[in-house]
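What follows is a short report on a single structure.
The values are calculated or read from the model by the stated rules, or taken from the named source; none is laboratory data. In this text, all values refer to a predicted model and were calculated from it rather than measured experimentally. Here the Cβ positions follow ideal geometry from the backbone for every residue, glycine too, while neighbour counts run over all protein chains shown. Heavy atoms of the whole protein, side chains included, go into the accessibility calculation; ligands, DNA and RNA do not. Shrake-Rupley method; radii C 1.70, N 1.55, O 1.52, S 1.80 Å.
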Amino acid sequence: MLVIGIAGGTGSGKTTVVNKILKNLNAEGEGVNVLSQDNYYHDNQNLSMAEREALNYDHPKSIDFELLREHVKALKDGQSIEQPVYSFVTHSRTGGFVKVEPKNVLIVEGILVLTDKELLKEFDVKLYVHADSDERLIRRIKRDTQERGRDLEEVLYRYQNTLKPMHQEFIEPSKNVADIIIPNMKQNPVAIDFLTTVINNSLKKSH
């Protein structure tokens, strides 16, 4: 199994890169699983809503890396997993699961996936998607207000008090362990084509 880790700051375009890769694949995404870090935040149902809202979700400690590593290893061993479903509205897991069967290629994406030393050992290829901080903030505002029910004041407060300092402390430095850094301020067909070729070759070998 080929395992690819894709990181980058919030709003950097990680999902866009993943979708481009899947679109370019000869198999049209068949044989490829995508695990999102967003489903592996710790379950905070034991906390009040006010306590949940006060948590720092941009710190590596907010992620259940133990479960994520366990799931990556299980898929590599040919076992299916039950991926938790997380709600950004309630800041907790819903209690539901998505069953994921092992495939030939696994993409693990999220802002912090290159910060965990043990998880890094599971990746064959490590990518970092780089984007200008102003552009990332604009994308974050649009997403959080339109998709996650946040108001502008809350989004800007989180950006200034947790997101920006955590990006500088943990996320930006994680690009130093990346094999490939993709600038997302312009089209990046060479990087996408390269990754597509690597994945296609892996898929062919497995048949």
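So here's what we get for this one:
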{"quantity": "Number of the exception - residue 202 against (1) at pLDDT 80 or above; (2) among the polar types (S, T, N, Q); (3) over 20 Å from the mean Cα position of the chain (by Cα)", "calculated": "(1)"}
{"quantity": "Residue 169 being at pLDDT below 85, of a type outside the set (Gly, Ala, Ser) and open to solvent by 90 Å² or more (accessible area, probe 1.4 Å)", "calculated": "no"}
{"quantity": "Flag for residue 70 being open to solvent by 20 Å² or more (accessible area, probe 1.4 Å), among the acidic types (Asp, Glu) and at pLDDT below 85", "calculated": "no"}
{"quantity": "Matching entry among 45, 83, 37, 79 (being of a type in the set (S, T, N, Q) and under 13 Å from the mean Cα position of the chain (by Cα))", "calculated": "37"}
{"quantity": "Complete set of residues in the stretch 23-59 that are of a type in the set (A, V, I, L, M, F, W, C) and at pLDDT 80 or above", "calculated": "32, 34, 35, 47, 49, 50, 54, 55"}
{"quantity": "Scope the stretch 127-154; condition among the small types (Gly, Ala, Ser) and in contact with a Ser or Thr (Cβ under 8 Å, 6 or more places away or on another chain); matching residues", "calculated": "131"}
{"quantity": "Those residues of the stretch 75-88 which are farther than 30 Å from residue 146 by Cα and surrounded by 15 or more Cβ atoms within 10 Å (Cβ to Cβ), in sequence order", "calculated": "75, 81"}
{"quantity": "Verdict on residue 129 being modelled with pLDDT of 95 or more, within 30 Å of residue 78 (Cα to Cα) and of a type outside the set (Phe, Trp, Tyr)", "calculated": "no"}
